[in-house]
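**Q** Can you keep this structure in mind? I'll have questions shortly.
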Amino acid sequence: MSDKSVGERLGAAVDAVKEKVNQGADRTRAEAHEFNAETASNPVDRVMEEGKAAVDHAKADLHGARADQQADKASE
């Protein structure tokens, strides 16, 4: 058993949930940018939207990793 208090574990669990929410928001934004890229008539706009989608996918992956880390802290 760890020396962490219930409050510390609960705080880590809340942080994990926040990260999961942020991950979902970033994935949703990425999908919106992908849709905008597919429907853009201007090639420059298409490339910019694809870039924005890539950034949001990367942010979502980062939030997912942080959520896993916080979940591990909560279960220690």
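**Q** Consider the range 38-76. How many of its residues are touching a Gly at 6+ places or on another chain (Cβ under 9 Å), modelled with pLDDT of 95 or more and either of a type in the set (Gly, Ala, Ser) or not in a helix (DSSP H, G or I) (or both)?
**A** Final tally of qualifying residues: 1.
**Q** I would also like to ask the following. Only residues in the range 11-38 that are charged (D, E, K, R) count as the first member; pair them with residues that are modelled with pLDDT under 95, Cβ under 7 angstrom, at least 6 apart or cross-chain, and list the lot.
**A** Listed by first residue and then by second, the contacts come to Asp15/Gln70; Glu19/Gln70.
**Q** Of everything in the range 19-39, what is closer than 14 Å to Lys59 by Cβ, in contact with a helix residue (DSSP H, G or I) (Cβ under 6 Å, 6 or more places away or on another chain) and not basic (Lys, Arg)? Give them in sequence order.
**A** Glu19, Asn22, Gln23, Asp26, Ala30, His33
**Q** Looking at this structure, is Ser2 polar (S, T, N, Q) and modelled with pLDDT under 95?
**A** It is true that Ser2 is polar (S, T, N, Q) and modelled with pLDDT under 95.
**Q** A follow-up question, please. Restricting the range 55-76 to residues that are small (Gly, Ala, Ser) and free of Cβ contacts under 8 Å to residues at least 24 places away in the same chain, which is farthest from Ala13 (Cα to Cα)?
**A** Per the criteria, the residue is Ala58.
**Q** Within the range 21-56, restricting attention to residues that are closer than 22 Å to Ala67 by Cβ and among the charged types (D, E, K, R), which residue is surrounded by the fewest Cβ atoms within 10 Å (Cβ to Cβ)?
**A** If we take residues in the range 21-56 being closer than 22 Å to Ala67 by Cβ and among the charged types (D, E, K, R), then Glu31 is surrounded by the fewest Cβ atoms within 10 Å (Cβ to Cβ).
**Q** In this structure, does Ala60 turn out to be under 30 Å from Ser5 (Cα atoms) and under 18 Å from the mean Cα position of the chain (by Cα)?
**A** yes
The values are calculated or read from the model by the stated rules, or taken from the named source; none is laboratory data. Keep in mind the model is a prediction, meaning the values are calculated, not measured. Using ideal geometry, Cβ is built from the backbone for each residue, glycine included, and neighbour counts are taken over all protein chains shown.
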